[in-house]
1. Pairs please, first residue from region 45-61 and free of Cβ contacts under 8 Å to residues at least 24 places away in the same chain, second anywhere and acidic (Asp, Glu) and not in a loop (DSSP other than H, G, I, E, B), Cβ atoms under 6 Å, 6+ apart in sequence or on different chains.
2. How many residues, within region 55-74, are outside any loop (DSSP other than H, G, I, E, B) and loosely packed, with under 14 Cβ neighbours inside 10 Å?
3. Restricting attention to region 1-41, report how many residues are β-branched (Val, Ile, Thr) and more than 16 Å from the ligand (Cβ to nearest atom).
Amino acid sequence: MAEHCNWNQDGDETSGAWETACGSMFRLDDGDPFENQMHFCCYCGKPLSIQRFERDETGELDREEPRFFPASAA
Ligand SMILES: [Zn+2]
């Protein structure tokens, strides 16, 4: 199984800031890394996984399960 670099959305579900597992921060103006066609961490070169924030029905902020790029999730 491939090793991934997990990027955690930083702040809340509207944030464009991502904290990388290898210790850097990356900012996107629009969309998440996968929506921006990023497949690999630009710092350590590992395949990316991402964890976004989401709001549940009570408005509570939760972290989603890690997502992997669709091609490697099949
Ligand atoms: Zn990395």
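1. Pairs found: 56/62.
2. Applying the first criterion (outside any loop (DSSP other than H, G, I, E, B)) to region 55-74 yields 55, 61-63, 67-68, 70-73.
Filter once more, keeping what is loosely packed, with under 14 Cβ neighbours inside 10 Å: 55, 61-63, 70-73.
Total meeting the criteria: 8.
3. Taking region 1-41 first, the residues β-branched (Val, Ile, Thr) are 14, 20.
Then drop every residue that is not more than 16 Å from the ligand (Cβ to nearest atom), which leaves 14.
Qualifying residue count for the region: 1.
Bear in mind these aren't lab numbers, they're just calculated from the coordinates by the rules spelled out. Values in this document were obtained by computation on a predicted structure and should not be read as measured data. Please note: Cβ atoms are built from the backbone with ideal geometry, for glycine as well, and neighbour counts cover all protein chains shown.
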